[in-house]
Amino acid sequence: MTLDRQRRIEGVIALALFTLTIPLANWMIGHVGTVCVPGGPCLVPVAPGIKAPSGVLMIGLALVLRDVVQRRLGARMGLVAIVVGAAISGLIAPPAIVTASVAAFLLSELADFAVYTPLQRRHFVLAVAASSLLGLIVDSIVFLWLAFGNLDFLAGQIIGKAWMVLLALPLMQLLRRRDQRLGLAPA
């Protein structure tokens, strides 16, 4: 298999996983948690004494996967992934949070894109960490404000998403090393 073909196959897999995180996050927010708030989200513990809506786990992963899509398929496909993700989010989000879901997804992924793009060629892992951190903060603020009219779960949102990003960073380091070993350049 040629390196270009391998890069494209891995990019398509990352794109598929990225798009799956969106419906999973929307489903989790209403169905998975240690407690479900009446008229609100289902919550999971993310730190001692801090809970967050359960969908945060998938959103943290989505931010990292979008970076991998861009690394494998290029900036244009990274932007296409953002648009497709926003459309999926709008189609499947519960009616009460559709605007919040789409706006938060679109703005956070574009913020991620804006930070990741200039950094990724020279500092891939740093680019993933920095872009994901900004993206998860933007996503948390926009989503909570538009969905619930407050920022009550902000700390939990940020911590929950950050956990997923932190768990993914060693894998991104392995990916970078593998790419170097194989001579697989970013798209």
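The values are calculated or read from the model by the stated rules, or taken from the named source; none is laboratory data. Just so it is clear, the structure is predicted and the values come from calculations on it, not from any experiment. Neighbour counts are summed over all protein chains in view; Cβ atoms, including those assigned to glycine, are modelled from backbone coordinates with ideal geometry.
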Within region 24-44, the residues that are touching a Leu at 6+ places or on another chain (Cβ under 8 Å) and either among the basic types (Lys, Arg) or surrounded by fewer than 19 Cβ atoms within 10 Å (Cβ to Cβ) (or both) are Thr34, Val35, Cys36, Val37
Cβ pairs under 8 Å, 6+ apart, first in region 133-158 and over 17 Å from Ala47 (Cα atoms), second of a type in the set (Asp, Glu): Leu134/Asp112; Gly135/Glu109; Gly135/Asp112; Leu144/Asp152
Right, Asp112: modelled with pLDDT under 95, within 12 Å of the chain's Cα centre (by Cα) and within 16 Å of Thr21 (Cβ to Cβ) or not? no
Report, by residue number, each residue of region 28-47 that is at pLDDT 85 or above, within 20 Å of the chain's Cα centre (by Cα) and β-branched (Val, Ile, Thr). Val32, Val44, Val46
Can you tell me how many residues within region 78-99 are surrounded by fewer than 20 Cβ atoms within 10 Å (Cβ to Cβ) and of a type outside the set (Val, Ile, Thr)? 7
Near pairs, Cβ below 8 angstrom, 6+ apart or cross-chain, from region 165-187 (acidic (Asp, Glu)) to any residue that is modelled with pLDDT under 95 and not in a helix (DSSP H, G or I): Asp179/Ala185; Asp179/Pro186
Gly160 versus (1) modelled with pLDDT under 95; (2) crowded, with 17+ Cβ neighbours inside 10 Å; (3) out of contact with any strand residue (DSSP E or B) (no Cβ under 7 Å at 6 or more places or on another chain); (4) of a type in the set (Gly, Ala, Ser): which is the lone unmet condition? (3)
Could we say that Leu57 is out of contact with any Cys (no Cβ under 6 Å at 6 or more places or on another chain) and either part of a strand (DSSP E or B) or surrounded by fewer than 24 Cβ atoms within 10 Å (Cβ to Cβ) (or both) here? yes
Quick one: in region 60-109, which of the residues that are at pLDDT below 90 and not in a helix (DSSP H, G or I) is nearest to Arg7 (Cα to Cα)? Ala93
Could you tell me whether Ser140 is at pLDDT below 90, surrounded by 24 or more Cβ atoms within 10 Å (Cβ to Cβ) and under 19 Å from Trp27 (Cα atoms)? no
Can you find even one residue in region 179-187 that is in a loop (DSSP other than H, G, I, E, B), of a type outside the set (Gly, Ala, Ser), under 21 Å from Val69 (Cβ atoms) and within 21 Å of the chain's Cα centre (by Cα)? yes
Return the residues of region 17-65 that are touching a strand residue (DSSP E or B) at 6+ places or on another chain (Cβ under 8 Å) and among the hydroxyl-bearing types (Ser, Thr, Tyr); say none if nothing qualifies. Thr34, Ser54
Pairs, first in a loop (DSSP other than H, G, I, E, B) in region 20-40, second of a type in the set (Val, Ile, Thr) and at pLDDT below 85, C-beta under 6 Å, six or more apart: none
